[in-house]
Amino acid sequence: MLTIRPAVCRLRVDTFPTRERLSTTGLNISYTNTVPDNRIDAHAMDYFDACKGYLGCTFHYVIRLDGVVEIGRNPKTLSSRGRSATRRHDTIFIGVVGGLNFEDGKRIDSITDAQREAVAELEQAIADTLNTPLDVIDFTIEWTRREEAEADNAAEEKERELEEHLNRTGQAADQLC
């Protein structure tokens, strides 16, 4: 069951008013680019984003590891998140806590079943509320595909290097005989 609640304490975005979004046509779902940690919530993201130079939390919703959804900024307002100004004006941003490996800081697929369920329920709740089809971009899926593609490319490159080395070694041995 979907649980949406306000952040546990007042956020910077509550202090600095932002403009209302005129229309909503999309959802952007991405990892928060943090380690998966139970202590990371909307308040923590408010702090992290402020450290990056934003006026507080850039996500409208933050989905904790346990699947609880916290409001990071008023869902009716614009966010400073995202590269495209157009997307910022018509998109709700959802942050899924996690995405980085604690050991080495590299990308990992860390989404929990509770988070995956909360994402699906939140998507549906937003679509039902707005009563309009939404363009959903889920970067949590792309996150791991990119890592897998990079790993596959690295493995293929190592195989090519080995093949070239073996060919050179074989040619050198043929010349000695």
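The values are calculated or read from the model by the stated rules, or taken from the named source; none is laboratory data. Remember, it's a predicted structure, so these values are computed and weren't measured experimentally. No Cβ is skipped: glycine too gets one built from the backbone with ideal geometry, and neighbour counts run over all protein chains shown.
Details
- Of the set (1) surrounded by 13 or more Cβ atoms within 10 Å (Cβ to Cβ); (2) free of Cβ contacts under 8 Å to residues at least 24 places away in the same chain, all apply to I108 but (2).
- Every residue from the stretch 1-11 that is under 21 Å from the mean Cα position of the chain (by Cα) and not aliphatic (A, V, I, L, M): T3, R5, P6
- The set of residues in the stretch 72-123 being among the hydroxyl-bearing types (S, T, Y) and within 11 Å of P36 (Cα to Cα) consists of S110, T112.
Conditions tested, residue by residue: (1) touching a helix residue (DSSP H, G or I) at 6+ places or on another chain (Cβ under 9 Å); (2) assigned to a strand (DSSP E or B); (3) more than 23 Å from V13 (Cα to Cα); (4) free of Cβ contacts under 8 Å to residues at least 40 places away in the same chain.
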residue: G56; (1), (2), (3), (4): yes, no, no, no
residue: F59; (1), (2), (3), (4): yes, no, no, yes
residue: R81; (1), (2), (3), (4): yes, no, no, no
residue: R87; (1), (2), (3), (4): no, no, no, no
residue: E117; (1), (2), (3), (4): no, no, yes, no
residue: Q124; (1), (2), (3), (4): no, no, yes, yes
residue: A127; (1), (2), (3), (4): no, no, yes, yes
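Residues checked against (1) loosely packed, with under 12 Cβ neighbours inside 10 Å; (2) in contact with a Lys or Arg (Cβ under 9 Å, 6 or more places away or on another chain); (3) polar (S, T, N, Q); (4) at pLDDT 90 or above:
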site: P75; (1), (2), (3), (4): no, yes, no, yes
site: S84; (1), (2), (3), (4): yes, no, yes, no
site: N101; (1), (2), (3), (4): no, yes, yes, yes
site: A114; (1), (2), (3), (4): no, yes, no, yes
site: A118; (1), (2), (3), (4): no, yes, no, yes
site: L122; (1), (2), (3), (4): no, no, no, yes
site: N153; (1), (2), (3), (4): yes, no, yes, no
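- Members of the stretch 13-38 found to be farther than 12 Å from I63 by Cα and under 21 Å from the mean Cα position of the chain (by Cα), listed by number: V13, T24, T25, G26, L27, N28, N33, T34, V35
- Filtering V69, V35 for residues that are more than 26 Å from A127 (Cα to Cα), surrounded by 15 or more Cβ atoms within 10 Å (Cβ to Cβ), of a type in the set (A, V, I, L, M) and in contact (Cβ under 8 Å) with a residue 40 or more places away in the chain leaves a single hit, V35.
- Checked against the criteria, R21 counts as under 12 Å from F93 (Cβ atoms), of a type outside the set (G, A, S) and in contact with a strand residue (DSSP E or B) (Cβ under 9 Å, 6 or more places away or on another chain).
- Total residues in the stretch 8-23, condition surrounded by 19 or more Cβ atoms within 10 Å (Cβ to Cβ) and either of a type in the set (S, T, N, Q) or in contact with a Cys (Cβ under 8 Å, 6 or more places away or on another chain) (or both): 2
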